[in-house]
Amino acid sequence: MSIVIDGLVLGLQLALLSVGMVFVYGLGGILNLAHGEVAVAGGLIAALLLQGGRPPVVACSAGVIASGALAWFIDRTLLRPAYSRHGEERLILALILTLGTSFALDGFFTYRYPNVALTLRLPTTSVDLFGITVRTASLAVGGLALTTFGVLLGFLKSTMLGKAIRCIIQNEAGALLCGVDVDRVRTFTLFLSGLLAGLAAIAQGFFSYLGPDMGAEFTILALIVAVVGGVRSLTGTFLASLLLGLVNTTMSYWVGTYLTWIALLAVTVTTLLVRPQGLLAYWP
Amino acid sequence: MSPQSEEILLRCCEVTKRFGGLVVLWEVNLEVRRGSLIGLIGPNGAGKTTLLNVISGLLQPDSGRVEFLGRLINGLPAHAVVRLGIGRVLQIPRLFPHLTVEENVLVGVLFGRRKPPAREEAQEEARKFLTLVGLEGKHRERVGKLNTQEKRLVDLARALATEPRMLLVDELMSGLSLVEMERYTTLLRRIREQLGVAILWVEHVMEAILGTVDEVVVLDHGAVIAQGSPAEIAQDPLVIEAYLGTGAREVLGAHMGYAGSS
Amino acid sequence: MLEVRELWVGYNDVSVIRGVTLEVPAGEATAVLGPNGSGKTTLFRALVGLLRPRSGSILFEGVPLNGLRPPQVVQRGIVYVAAERELFPQLTVLENLELGAYCCPRAFQSRLELVFELFPRLAERRSQRAGTLSGGEQQMLAIARALMAQPKLLLLDEPSTGLAPLLVAELYRRLEALRREGVTILLAEQQVGAALSLCARVYVLKEGRVAFCGGASSLRGSSELRKAYLGGIGGVGG
Amino acid sequence: MNARPVLSHMLPVLGTGIALAAVPLFVRESGYVLRIATFLLMLATYAVGFNLLFGHTRQLFLCIGVLAGTGAYGSVLLVRNAGLNPVAAIAVAVAIATGLGAFLSYVGVRRGFGVLFVGIVTLAVSLIFQNLVLGLRKYTNGETGIVTQGLGVGLAENPVQAYYILLAVLVAALAVYQEIMGSRHGLALHALSDDEVSAELSGIDVARYKVGVAALAAGFISLVGALFADWNGFISPSLFSVGHVDIPVLIVLLLGGMRTLLGPVVGAIVFTIVDAIVRPFGQLTVLAYGVLLVALFLVFREGTVTLLQRGWEMVQSSTQRGQVGRGVAADEDGDPLSQRTNSRAKSPY
């Protein structure tokens, strides 16, 4: 039972990570391969601030905001030339630009901060919840993720900007005709995706640790979730995250890490082969 | 007409195509005889281009048969359909921007025929078709340098270079002036007479088509609503309704010459 | 209210609109008629900034619109209802309307009442997803969403497309009511009869040029319209 | 067909071969430089394959490392565990990798994947391969890797001989490339990389070309992979990871110029020099790769070879403006971002 809970919480963390990627793809037709590095950047800044003796809450918030700012910066600088193109050309250009960015950032982090890692230890390791032993880390991450999604959902459902995001994903032309400034919303979405990625990095800090070299892994995890969930569907992303989180924890419990990875990737490839549009493509 | 010219090249039987829940073609029947020039018209969204896509193998019909020279061709990939003798001219020309004008046509000569000619001959062939469409002297230019009219002509030459027995032409006239339209109509007539190619011509500029074609087929909402000579079509109340909408007849009735009929 | 002078618009090197000049007087409904491919949609897209004109000027209430992007045009009070409707299928009717009021959220409540009064059907379906509405209701919603932005000028592109004749009649009754409320309308239509029932002034486009312009009454009995749609050839039988 | 045109269109290939063949004469005393030069040859051959895949058929295969790794691990395991003789083992491994390349391409074509999905699927394949090698510890020794000394054809013993063998592979790849591009198939590849629908409507069997090209590229890549295993004396999964193979190859191709004959070679030379400079800084190489990739794609997307060609054409046109006329003049002010092919000067037919 505690494995299931761990799996679900891991799923929530995956969702934090991948929802941003899906947003950006849905809005801009850009797959941000530097997404994982954005998360790591936030985590590292939080870790550095912690080392400097700042209180954890301040350090973590600063890290999350830094992630958002980095994503915003990438949008305003590197992605400009990509936005001026359309269709497949934009996709390829953005793909290679963000791939390069991710390498540059990864190289920088591992070179400059090889030994910095973010770990957030909680006072107790596990608690008893309705007769089930649950790790406090799981509780913390679960709480963090659920709160975030609550806020995010509220934002999407009830603010004008949130609605604008949802409607651009559905119909960009329609949004333009309503007077939505698509360009600006797009930039804001990158910022938002950065914030979410930063939170995912903090969550990683609760679970175990976050090192400077984990960007690529994060990107790939987000990519897997996005593909399985159908790159444009939020509900799909959410469910795919939970599913893959469960698969991940149960598999690594029963068979070991390598096979888990292979299983995850096999799920991805199979999904692409059977339903290229993702599991829940026709769902909202 | 001689019995040979009566021979049916293409036959569509009950062709139906849906996109999701939307019916784009509904049991379309169509016959194209050897060497004939048929206009396919209809309002926006009538399914004209979809029909051409089904015939040329870019889309597969959901049901029904497409036969060419008595052979079932639905299920064949587009390149195989081209080699059987159905050329296609797209509405917006899609050329190969990194190749010269002549090389663009050469692609058609070398790959669109069942038995491609040897290299020197192929080059000559390509020039022959460029001359036919009036692009002689442009063969070494890169297609990116051409204007859209010239690009359309290159596309036409490329389609002709595959030695089709039937040419599918999609809205050649959009965005043209009357003088330019004249040029195209003359060109298409010449192609048909010189090469004996049957032409199925989708157009929504009615004026261009009605004076040129032998027969008109009218599509509306994916179904054939009328078929006949241009003069018959221009008077057909169903066609006028499809184009001008209900009520138009009442408004313009007096002038239309069949006031009160319904 | 809207003055278009010598407008040229095109894609790449093909000009679709070739020197169109037209005027839309405030408070009136004006129709742009013409067959498929005559350039109606291109004209509208240029008016709202989705396409950049090659030359010519667009004046709205005396102020030039050239170079503005769609959101800014909407803010000036020109709202475009595309033939494709461009709704947000997975949002509810109410949410679609809310987005319509994106530039003027404060006026939302008052506009909503007005729109529901005009289209009571939408009030009944306010929490239904837009994608599940019937074709007629979707068209109503598209127009209603445009009205939420407090338009001074409403551009309607083929609102009758895909609607049954009865629905077309109903739609035009609503449009008539709107016009009486003081909304200026510029309408592109294939359904000549319906358009003439609403509009006082008519332009007929043909191959990107104005082939006829004048009062609706002077069009009745004129052969221009028929020529534009069916060409000169069929005229023999008339 | 007479011999002259064949010779003249193979001239750049031969020239490259001769120039590179001279390298060992100059660096004989320095084993380190020869090693780097040998690695350069492999990189260039990978890039020739990737050029066919991405440059000419728009198949973004992010699994060049897997194809090379299949050649390497396949041949080594066949010798070690199945007792095959090295040459036969390499042949079998190359055949397997060729099949894998063709299969991946076929799946992509069949499902109608765009560049993005092909990229994602092949990236996933790369990760699966990594984890598979790690997981099958019993055969592969996992991360520890396998010492391949004495398992192969003996390239490790004689570095000069190894250099020439790999040079022969590169020249063969270039010759095959040039031969294809000079034939009617070259025209088909140019056409389908410009517009697949149009190519199909001109009668080109796009699917067959894509799968065929993938098989061919996979063959060359895996052959080099197998020879690398032997030459290097050691293989481990990280040597075939995306970061170690695919990214450098991507940079090499962008640096040299996509859809050109010599782009891969020129790119590999420039890349090797840059790499030699930044390598002492350890992790900074990754940073340098990244910055290079971004900078290249932003400002230098045409590649060195195309730029040189353009410059050459300009020089030519200014000296003989009268005869060349519009054709060349038109080239100069063309779209600066579009990539040109090297065979432009000749007819690609």
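The values are calculated or read from the model by the stated rules, or taken from the named source; none is laboratory data. Remember, predicted model here, so these are calculated numbers, not experimental data. Positions of Cβ are generated from backbone atoms using ideal geometry, with glycine treated the same way; all protein chains shown enter the neighbour counts. The accessibility values were calculated without ligands, DNA or RNA, using every heavy atom of the protein model including side chains. Shrake-Rupley method; radii C 1.70, N 1.55, O 1.52, S 1.80 Å.
Scan D:L155, D:L123, D:L174, D:L167 and give me the residue that is in a loop (DSSP other than H, G, I, E, B) and either more than 14 Å from chain B (Cβ to nearest Cβ) or of a type in the set (F, W, Y) (or both).
Every option except D:L155 fails the conditions.
Select, from D:V92, D:V107, D:V118, D:V87, the only residue that is among the β-branched types (V, I, T), part of a helix (DSSP H, G or I) and closer than 19 Å to A:T219 by Cβ. Full working, then the answer.
Working: D:V92 fails: closer than 19 Å to A:T219 by Cβ; D:V107 fails: closer than 19 Å to A:T219 by Cβ; D:V87 fails: closer than 19 Å to A:T219 by Cβ.
When all the criteria are applied, what remains is D:V118.
Name the residue that is modelled with the lowest pLDDT, counting only residues in the range C:208-226 that are in a loop (DSSP other than H, G, I, E, B) and open to solvent by less than 60 Å² (accessible area, probe 1.4 Å).
C:G221
Looking at the range A:29-83 only, could you name the residues that are farther than 23 Å from A:S208 by Cα and of a type in the set (K, R)?
Those that are farther than 23 Å from A:S208 by Cα and of a type in the set (K, R): A:R76, A:R80.
Please find, within the range B:127-149, the residue that is farthest from the other protein chains (Cβ to nearest Cβ) out of those that are open to solvent by 30 Å² or more (accessible area, probe 1.4 Å) and touching a residue at least 40 places away in the same chain (Cβ under 8 Å).
My answer is B:G134.
Return the residues of the range C:181-195 that are open to solvent by less than 10 Å² (accessible area, probe 1.4 Å), within 11 Å of chain B (Cβ to nearest Cβ) and aliphatic (A, V, I, L, M); say none if nothing qualifies.
Within the range C:181-195, C:V192, C:A195 qualify.
Check the range B:211-232 and report whether any residue there is assigned to a helix (DSSP H, G or I), surrounded by 23 or more Cβ atoms within 10 Å (Cβ to Cβ) and in the same structural domain as B:K17 (by TED's automatic domain parsing).
Residues of the range B:211-232 assigned to a helix (DSSP H, G or I): B:230-232.
After this cut, where a residue has to be surrounded by 23 or more Cβ atoms within 10 Å (Cβ to Cβ) as well, the list is none.
No; the residues of the range B:211-232 include none that is assigned to a helix (DSSP H, G or I), surrounded by 23 or more Cβ atoms within 10 Å (Cβ to Cβ) and in the same structural domain as B:K17 (by TED's automatic domain parsing).
Restricting to the range B:138-164, and then to whatever is touching a helix residue (DSSP H, G or I) at 6+ places or on another chain (Cβ under 7 Å) and polar (S, T, N, Q), can you tell me which residue is nearest to B:V109 (Cα to Cα)?
Result: B:T162.
Within the range C:5-62, can you find the residues that are under 19 Å from the mean Cα position of the chain (by Cα) and acidic (D, E)?
Matches in the range C:5-62: C:E23, C:E28, C:E61.
Among residues belonging to the range B:110-126 that are facing another protein chain (nearest Cβ under 9 Å) and closer than 15 Å to D:S183 by Cα, point out the one that is farthest from the chain's Cα centre (by Cα).
So the residue we want is B:R119.
Kindly list the number of the only condition in (1) touching a residue at least 60 places away in the same chain (Cβ under 8 Å); (2) touching a helix residue (DSSP H, G or I) at 6+ places or on another chain (Cβ under 8 Å) that fails for A:P114.
Here A:P114 clears every test but (2).
In the list A:L195, A:L152, A:L176, A:L129, which residue meets the criterion of being aliphatic (A, V, I, L, M), open to solvent by 10 Å² or more (accessible area, probe 1.4 Å) and within 15 Å of C:Y102 (Cα to Cα)?
A:L176
Is it the case that the range C:166-180 has a residue that's open to solvent by 50 Å² or more (accessible area, probe 1.4 Å), hydrophobic (A, V, I, L, M, F, W, C) and within 14 Å of chain B (Cβ to nearest Cβ)?
Taking every residue of the range C:166-180 in turn, at least one turns out to be open to solvent by 50 Å² or more (accessible area, probe 1.4 Å), hydrophobic (A, V, I, L, M, F, W, C) and within 14 Å of chain B (Cβ to nearest Cβ).
Would you point out the residue of the range C:49-78, among those that are under 16 Å from C:E6 (Cα atoms), crowded, with 18+ Cβ neighbours inside 10 Å and among the aliphatic types (A, V, I, L, M), that is farthest from the other protein chains (Cβ to nearest Cβ)?
Looking at the filtered set, the residue picked out is C:I58.
Any idea which residue in the range D:56-85 is farthest from the other protein chains (Cβ to nearest Cβ), counting only those that are open to solvent by 30 Å² or more (accessible area, probe 1.4 Å) and over 24 Å from the mean Cα position of the chain (by Cα)?
D:N85
Would you point out the residue of the range A:112-126, among those that are open to solvent by 30 Å² or more (accessible area, probe 1.4 Å) and touching a Gly at 6+ places or on another chain (Cβ under 7 Å), that is nearest to the other protein chains (Cβ to nearest Cβ)?
Checked the range A:112-126; the qualifying residue nearest to the other protein chains (Cβ to nearest Cβ) is A:A117.
Scan the range C:196-207 for residues that are within 11 Å of another protein chain (Cβ to nearest Cβ) and surrounded by fewer than 21 Cβ atoms within 10 Å (Cβ to Cβ) and report the count. Steps first, please.
Start the filter on the range C:196-207 by keeping residues that are within 11 Å of another protein chain (Cβ to nearest Cβ), which leaves C:196-197, C:206-207.
Add one more test, that the residue is surrounded by fewer than 21 Cβ atoms within 10 Å (Cβ to Cβ), and what stays is C:197.
Total meeting the criteria: 1.
If you go through the range B:95-104, how many residues are open to solvent by less than 20 Å² (accessible area, probe 1.4 Å) and at the interface with another protein chain (Cβ under 9 Å from one of its Cβ atoms)?
Within the range B:95-104, the first condition is being open to solvent by less than 20 Å² (accessible area, probe 1.4 Å), and the residues that meet it are B:95-96, B:99, B:101-104.
If we keep only those that are at the interface with another protein chain (Cβ under 9 Å from one of its Cβ atoms) too, we end up with B:95-96, B:99, B:102-104.
Within the range B:95-104, residues that are open to solvent by less than 20 Å² (accessible area, probe 1.4 Å) and at the interface with another protein chain (Cβ under 9 Å from one of its Cβ atoms) number 6.
Can you name every residue in the range C:136-148 that is open to solvent by 10 Å² or more (accessible area, probe 1.4 Å) and touching a strand residue (DSSP E or B) at 6+ places or on another chain (Cβ under 9 Å)?
Across the range C:136-148, the qualifying residue is only C:R145.
Any residue in the range A:6-18 that is of a type in the set (S, T, Y) and open to solvent by less than 40 Å² (accessible area, probe 1.4 Å)?
Yes - at least one qualifying residue is present in the range A:6-18.
How many residues does the range D:149-185 hold that are at positive phi and touching a residue at least 12 places away in the same chain (Cβ under 8 Å)?
The qualifying residues number 1.
Can you list the helices (runs of 4 or more DSSP H) lying wholly within the range A:34-101 that have 1 or more residues being away from chain D (no Cβ under 11 Å) and open to solvent by 30 Å² or more (accessible area, probe 1.4 Å)?
Counting at least 1 such residues, we get A:35-51, A:56-76.
At least 1 residues that are in contact with a Leu (Cβ under 7 Å, 6 or more places away or on another chain) and under 27 Å from B:A242 (Cβ atoms) in each: list the helices (runs of 4 or more DSSP H) lying fully within the range C:12-125 that qualify.
Qualifying helices (runs of 4 or more DSSP H): C:40-47.
Name the pairs whose Cβ atoms lie under 8 Å apart, with the first residue in the range A:212-228 and closer than 14 Å to A:N248 by Cβ and open to solvent by less than 10 Å² (accessible area, probe 1.4 Å), the second in a loop (DSSP other than H, G, I, E, B) and not polar (S, T, N, Q), and 6 or more positions between them or separate chains?
Note: pairs meeting the criteria are A:V228/A:G278; A:V228/A:L279.
Failed condition for C:V93, given (1) open to solvent by 40 Å² or more (accessible area, probe 1.4 Å); (2) more than 10 Å from chain A (Cβ to nearest Cβ); (3) within 22 Å of A:L161 (Cα to Cα), with all others met?
C:V93 satisfies every listed condition except (1).
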